[in-house]
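Participant: Okay, here's the structure, questions in a sec.
The values are calculated or read from the model by the stated rules, or taken from the named source; none is laboratory data. Predicted, not measured: the structure shown is a model, and the values here were computed from it. We place every Cβ from the backbone using ideal geometry, glycine too, and count neighbours over all the protein chains shown.
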Amino acid sequence: MPALTVLDREMYTESQAARLLRLAPSTLHYWLEGGTRRNKTYKPVIRAEATGSNRVTWAEFIEAGLLRQYRQDLQVPMLELRSFIALLRDHFDVPYPLAHQHPYVAERKLVVEAQDEAHLGADFALVAPVSGQYMLLPAAQAFYDRVTWVDDIAQQWRPDDRGDSPVTIDPDMRFGSPSIGGISTSILFEQSESGEDEEDLAGTFGLSLAEVRWALSYELVNSAA
């Protein structure tokens, strides 16, 4: 039996994960558990099979982050995407292949083959051959850049759409809540809302003023979403 990794760790309830991903809870539930629509039953997109669990592992959260990126940028056909992920699961012999760095870096040709086999259209592809090389396409590249990869697996994810944001989600930090420098952004926001000055917050928590402002800005945007 393979050793458990951080990818297997249950991190959130579905509602918590949906809030962090800025997704409708029903959408995330459908990706994880499948469901019945128009009298037709659909298998999960992320999980190999429905489990009945409303707990979300770190790997499931990361893969949902990729789907969220595509849902934001493109209207991806779920049937083909489901087949594509299943093929990658078989190719790489891991339950959550898109939470690993290997498909994005070392095995892009296999990703292209899986895209073709699943009939995933060019508009929805993760990788495309360009001048003899296999390149990540914009939505896949945007997702890849939001992840910090360590030893081939996703170790952190940047929840903020802004590329220079220092806000991260780390399963080993603050129980997976958004943070900067190990300090929860929600704590900083609560302190600010209670009247604490930004410079005082920076001094109290050992952060720069810029980091405090990033945290407050992230929380404001997230609460308004």
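Participant: Restricting the first residue to the range 26-45 and requiring it to be more than 19 Å from residue 13 (Cβ to Cβ), which pairs with a second residue that is small (Gly, Ala, Ser) and modelled with pLDDT of 90 or more meet a Cβ separation below 6 Å and a spacing of at least six or different chains?
Facilitator: Between residues of the range 26-45 that are more than 19 Å from residue 13 (Cβ to Cβ) and residues that are small (Gly, Ala, Ser) and modelled with pLDDT of 90 or more, the close pairs are 42/34; 43/34.
Participant: Return the total of residues in the range 118-145 being of a type in the set (A, V, I, L, M, F, W, C) and over 21 Å from the mean Cα position of the chain (by Cα). Talk me through it step by step, then tell me what you get.
Facilitator: Taking the range 118-145 first, the residues of a type in the set (A, V, I, L, M, F, W, C) are 118, 120, 122, 124-128, 130, 135-137, 139-140, 142-143.
With the extra rule that they be over 21 Å from the mean Cα position of the chain (by Cα), the set shrinks to 118, 122, 128, 130.
Qualifying residue count for the region: 4.
Participant: Kindly establish whether residue 95 is closer than 30 Å to residue 24 by Cβ, outside any loop (DSSP other than H, G, I, E, B) and of a type outside the set (Ser, Thr, Tyr). Write out each step before concluding.
Facilitator: On the way: closer than 30 Å to residue 24 by Cβ: yes; outside any loop (DSSP other than H, G, I, E, B): no; of a type outside the set (Ser, Thr, Tyr): yes.
Taking the combined requirement at face value, the residue does not satisfy it.
Participant: Next question, about the same structure. Are any residues in the range 31-63 in contact with a strand residue (DSSP E or B) (Cβ under 8 Å, 6 or more places away or on another chain), over 24 Å from residue 171 (Cβ atoms) and not small (Gly, Ala, Ser), and if so, which ones?
Facilitator: Of everything in the range 31-63, those that are in contact with a strand residue (DSSP E or B) (Cβ under 8 Å, 6 or more places away or on another chain), over 24 Å from residue 171 (Cβ atoms) and not small (Gly, Ala, Ser) turn out to be 36, 41, 42.
Participant: If you go through the range 114-171 one residue at a time, how many are part of a loop (DSSP other than H, G, I, E, B), hydroxyl-bearing (Ser, Thr, Tyr) and in contact with a Leu (Cβ under 9 Å, 6 or more places away or on another chain)?
Facilitator: Here is the first cut: in the range 114-171, the ones part of a loop (DSSP other than H, G, I, E, B) are 118-121, 125-126, 131-132, 137, 151-152, 158-167, 170-171.
Checking which are hydroxyl-bearing (Ser, Thr, Tyr) leaves us with 131, 165.
The next check asks that each one be in contact with a Leu (Cβ under 9 Å, 6 or more places away or on another chain); those that pass are none.
Qualifying residue count for the region: 0.
Participant: Condition check: within 21 Å of residue 101 (Cα to Cα), without any contact (Cβ under 8 Å) to a residue 24 or more places away in the chain and over 13 Å from the mean Cα position of the chain (by Cα). Does residue 182 satisfy that?
Facilitator: Working: within 21 Å of residue 101 (Cα to Cα): no; without any contact (Cβ under 8 Å) to a residue 24 or more places away in the chain: yes; over 13 Å from the mean Cα position of the chain (by Cα): yes.
Criteria not met by residue 182.
Participant: Select, from 28, 81, 32, 4, the only residue that is in contact with a helix residue (DSSP H, G or I) (Cβ under 6 Å, 6 or more places away or on another chain) and either modelled with pLDDT of 95 or more or on the phi < 0 side of the Ramachandran plot (or both).
Facilitator: Numbers: 81 fails: in contact with a helix residue (DSSP H, G or I) (Cβ under 6 Å, 6 or more places away or on another chain); 32 fails: in contact with a helix residue (DSSP H, G or I) (Cβ under 6 Å, 6 or more places away or on another chain); 4 fails: in contact with a helix residue (DSSP H, G or I) (Cβ under 6 Å, 6 or more places away or on another chain).
Unique residue meeting the criteria: 28.
Participant: Given the conditions (1) buried (at least 17 other Cβ atoms within 10 Å of the Cβ); (2) out of contact with any helix residue (DSSP H, G or I) (no Cβ under 9 Å at 6 or more places or on another chain); (3) among the basic types (Lys, Arg), report the number of the one that residue 40 does not fulfil.
Facilitator: For residue 40, the failing item is (1).
Participant: Of the residues that sit in the range 1-32 and are polar (S, T, N, Q) and part of a helix (DSSP H, G or I), which one is farthest from residue 78 (Cα to Cα)? Step through it out loud before you land on a result.
Facilitator: Pass one, the range 1-32, residues polar (S, T, N, Q): 5, 13, 15-16, 26-27.
Those left that are additionally part of a helix (DSSP H, G or I): 15-16, 26-27.
Numbers: 15: 21, 16: 23, 26: 15, 27: 11 Å.
This residue is 16.
Participant: Still on this model: Give the residues of the range 103-132 that are in contact with a Phe, Trp or Tyr (Cβ under 9 Å, 6 or more places away or on another chain) and either touching a residue at least 60 places away in the same chain (Cβ under 8 Å) or polar (S, T, N, Q) (or both), sorted by residue number.
Facilitator: 115
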